[in-house]
1. So, in the range 163-196, of the ones that are in a helix (DSSP H, G or I) and small (Gly, Ala, Ser), which residue ends up nearest to residue 122 (Cα to Cα)?
2. Look through 143, 172 and report the one residue that is among the aromatic types (Phe, Trp, Tyr), assigned by TED's automatic domain parsing to the domain that holds residue 339 and either free of Cβ contacts under 8 Å to residues at least 24 places away in the same chain or within 30 Å of residue 301 (Cβ to Cβ) (or both).
3. Residue 58 versus (1) crowded, with 18+ Cβ neighbours inside 10 Å; (2) touching a residue at least 24 places away in the same chain (Cβ under 8 Å); (3) outside any strand (DSSP E or B): which is the lone unmet condition?
4. Would you check which residues across the range 102-126 are in contact with a strand residue (DSSP E or B) (Cβ under 8 Å, 6 or more places away or on another chain) and either of a type in the set (Phe, Trp, Tyr) or at pLDDT below 95 (or both) and list them?
5. If you take the residues of the range 20-43 that are touching a Ser or Thr at 6+ places or on another chain (Cβ under 6 Å) and hydrophobic (A, V, I, L, M, F, W, C), which of them is nearest to residue 271 (Cα to Cα)?
6. Restricting to the range 1-52, give me the number of residues that are touching a residue at least 40 places away in the same chain (Cβ under 8 Å) and within 21 Å of the chain's Cα centre (by Cα).
7. Return the residues of the range 233-262 that are under 17 Å from residue 311 (Cβ atoms) and crowded, with 24+ Cβ neighbours inside 10 Å; say none if nothing qualifies.
8. Please tell me if residue 305 is assigned to a loop (DSSP other than H, G, I, E, B), crowded, with 24+ Cβ neighbours inside 10 Å and either among the β-branched types (Val, Ile, Thr) or assigned by TED's automatic domain parsing to the domain that holds residue 257 (or both).
Amino acid sequence: MKIVRLRSFMARDANRPRVVVAIDTDAGITGWGECYNHGPDKGLIPILDYFFEQINGEDPRRIEYLMLKLQQQARFPGSAMHLSAFSAIDHCLWDISAKALDVPVYRLLGGEVRDRVRVYLGVYTAPDPAIAIDTVTAENEKYGLTAFKLSPYRVDFHAERWGEVVRTSADYFRRLREMAPSNFEFAFDAHAKLFEPWQAIQLGDALAPYDPLFFEEPIRPENFEAWGAIRSKIKCPLATGESLYSRYEFLKLFQVRGCDIAQPDICVVGGLLEMRKIAAIAEAHFIPIAPHNPMGPLATAVNLHFAAVTPNFKILEYRLPTEAPYVKDPYLPKDGYLELRPDRAGWGVEIDEKYLEKDHYLHWQRKLPQKPDGSLGYP
């Protein structure tokens, strides 16, 4: 079997662009993958075309060989855009390999260690407690979800006194706890907006009395020692990893004891192969994996197969695929879990190619906050 073509599609998921990739073979088998679209929006398409020339004519089942070829041809460590392209190519190769044997991808990885995969729903804002409870209760009634992630910020922390930011965040979580069923879990994503580590510690400790599932990425990822210092002092589980790119960066994070929960993104780090290596290193450090997954339903399918075979998997980030029609039959939660599909080959989902044939490009970029003095903050 040989690779004969790579096709890239600009799709959309609600108000976000998605880059979906297909690799075709001379055996009539097509594999599918999804990129993390960091931006520029259309920058991935020529990058994917460039890397296709390096694998054209190769056997797609030699996954480790081909991923090494792509990485080593790049000469320098891959950038965000490179690794996003590598991720989608890796996804395609696994999908092809499993379809060639008519088995789910997880069967190629040693088989499942769990029968279903627990997910948490990203709410991504901090609505008033009554509205938040109505929202999560409705999703619980429909899908059985009991874990959710919100923003910890209730006020503009650039404009308000920091003590007021901490007080309002703690009060918000306290009220959620008082109103929510006792089995509901809440995580809080600070979106790497803070610059000073002591602020991360104060904010995390304000949330700690109300038992957060985890406190995610309060500061930027570059300084690993700062993460080690935060974790040594903070009183709640600290999670990070969505902005790290390889097993080497995660190893450094673990060596300084910089997190309690690791959050690599299977569309960022280079794909399933690299994700499994990161998970193995994390397992040796007694660190669970909660994959970062704010992506579309194809990325969710890829994550499900990773989670099914990973002993130290904890929980998967999940977005309802209500506005991502490029997957005809997305995985939907039942009792708060995604069920495996043992009777389906590859990723276990069907792609709507007719939908993808039309350009669904949508421009999106992060908005930078402006501080009262006119300088810019982190998005």
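The values are calculated or read from the model by the stated rules, or taken from the named source; none is laboratory data. Nothing here was measured: the structure is a model prediction, and the numbers come from that model. Because the Cβ atoms are built from the backbone with ideal geometry, glycine has one as well, and the counts that use them run over all protein chains shown.
1. Pass one, the range 163-196, residues in a helix (DSSP H, G or I): 163-179.
Those left that are additionally small (Gly, Ala, Ser): 163, 169-170.
On the way: 163: 27, 169: 18, 170: 20 Å.
Restricting to residues being in a helix (DSSP H, G or I) and small (Gly, Ala, Ser), the top hit is 169.
2. Numbers: 172 fails: either free of Cβ contacts under 8 Å to residues at least 24 places away in the same chain or within 30 Å of residue 301 (Cβ to Cβ) (or both).
The unique qualifying residue is 143.
3. (1)
4. 120, 122, 123, 124, 125, 126 - these are the residues of the range 102-126 that are in contact with a strand residue (DSSP E or B) (Cβ under 8 Å, 6 or more places away or on another chain) and either of a type in the set (Phe, Trp, Tyr) or at pLDDT below 95 (or both).
5. Restricting attention to the range 20-43, the residues satisfying the condition of being touching a Ser or Thr at 6+ places or on another chain (Cβ under 6 Å) are 21-22, 24, 35-36.
Add one more test, that the residue is hydrophobic (A, V, I, L, M, F, W, C), and what stays is 21-22, 35.
On the way: 21: 13, 22: 15, 35: 9 Å.
Looking at residues that are touching a Ser or Thr at 6+ places or on another chain (Cβ under 6 Å) and hydrophobic (A, V, I, L, M, F, W, C), I get 35.
6. Residues in the range 1-52 being touching a residue at least 40 places away in the same chain (Cβ under 8 Å) and within 21 Å of the chain's Cα centre (by Cα): 28 in total.
7. 250, 262 - these are the residues of the range 233-262 that are under 17 Å from residue 311 (Cβ atoms) and crowded, with 24+ Cβ neighbours inside 10 Å.
8. Values: assigned to a loop (DSSP other than H, G, I, E, B): no; crowded, with 24+ Cβ neighbours inside 10 Å: yes; either among the β-branched types (Val, Ile, Thr) or assigned by TED's automatic domain parsing to the domain that holds residue 257 (or both): yes.
It is false that residue 305 is assigned to a loop (DSSP other than H, G, I, E, B), crowded, with 24+ Cβ neighbours inside 10 Å and either among the β-branched types (Val, Ile, Thr) or assigned by TED's automatic domain parsing to the domain that holds residue 257 (or both).
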